[in-house]
1. Among the residues of region 46-53, are any surrounded by 14 or more Cβ atoms within 10 Å (Cβ to Cβ), under 17 Å from Phe131 (Cα atoms) and touching a residue at least 60 places away in the same chain (Cβ under 8 Å)?
2. If Gln113 satisfies all but one of (1) more than 22 Å from Ala38 (Cβ to Cβ); (2) out of contact with any helix residue (DSSP H, G or I) (no Cβ under 7 Å at 6 or more places or on another chain); (3) at pLDDT 90 or above, what's the number of the condition it fails?
3. Contact list please: Cβ distance under 9 Å, first residue in region 97-115 and over 12 Å from Glu139 (Cα atoms), second residue open to solvent by 60 Å² or more (accessible area, probe 1.4 Å) and at pLDDT 85 or above, pairs at least six apart or on different chains.
4. Scan region 92-106 residue by residue and report those that are exposed (fewer than 10 other Cβ atoms within 10 Å of the Cβ) and not in a loop (DSSP other than H, G, I, E, B).
5. Could you list, in sequence order, the residues of region 15-32 that are surrounded by 11 or more Cβ atoms within 10 Å (Cβ to Cβ) and either assigned to a loop (DSSP other than H, G, I, E, B) or at pLDDT 95 or above (or both)?
6. Name the one entry in Ala112, Ala136, Ala155, Ala88 that is loosely packed, with under 12 Cβ neighbours inside 10 Å and under 14 Å from the mean Cα position of the chain (by Cα).
7. How many of the residues making up region 61-81 are farther than 19 Å from Met121 by Cα, part of a helix (DSSP H, G or I) and not small (Gly, Ala, Ser)?
8. Would you be able to say whether some residue in region 158-167 is in contact with a Leu (Cβ under 7 Å, 6 or more places away or on another chain), of a type outside the set (D, E, K, R) and part of a helix (DSSP H, G or I)?
Amino acid sequence: MAALPAPTAPLHTGPALAPADKPALALTEDHHLIADQALRAVMEAYLSDRRNPRRLEQLDEHLRERLPAGAASEAHTLAARYDAYLAAHATLLKAQNFADEPDLQRLTSWQAQRRQLRERMLGPEVTEQWFGTEDAYLEQALEERRQPVRAVTGAEQLRARHLREVVDVATGRLQR
């Protein structure tokens, strides 16, 4: 993965988000957008309401007020791709029908499909920045499911329960 440019002074988001949820938006020294977790949080604050037909327009307004023109344009492009990704992801997730207990092969296949979808729609760098940790954690949970069942200690039971929650969050069976 290519190194991401170092951020300069952050720009703070405005009143659309609660004070505790105001992540800083970062730019490179030459005022290009940095697609970090703070930007993802801002985008999700607007784009997660799939019933709002103006969600992308409202996000654009929010970003144009807080970013230089070039960075706002970059953010608009990424926001449109992320909005399309969220719709495609919902379709992919629904097709998996994870309401029942998913088997390991189906989970592994779905994880690969989701990663390919992210990379195709958002690019490998944004995918790694926004979802790399979540993907690694899910892979760890799936790897532990591949191991043969054995007697476990109390701490191992807690860890297994936590990793099951990781899978359940990833598959939409449990909300964050």
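1. No, region 46-53 has no match at all.
2. (2)
3. So the pair list comes out as Phe98/Arg106.
4. Passing the criteria: only Gln105.
5. Scanning region 15-32 gives Ala16, Leu17, Lys22, Pro23, Ala26, Thr28, His31, His32.
6. Selected residue: Ala136, the only one of Ala112, Ala136, Ala155, Ala88 that is loosely packed, with under 12 Cβ neighbours inside 10 Å and under 14 Å from the mean Cα position of the chain (by Cα).
7. Within region 61-81, residues that are farther than 19 Å from Met121 by Cα, part of a helix (DSSP H, G or I) and not small (Gly, Ala, Ser) number 6.
8. yes
The values are calculated or read from the model by the stated rules, or taken from the named source; none is laboratory data. Quick caveat: nothing in here was measured; it's all calculated off a predicted structure. Don't worry about glycine lacking a Cβ; one is built from the backbone with ideal geometry, like all the others, and counts go over all protein chains shown. In case anyone asks, the SASA skips ligands and DNA or RNA and just uses the protein heavy atoms, side chains included. Shrake-Rupley method; radii C 1.70, N 1.55, O 1.52, S 1.80 Å.
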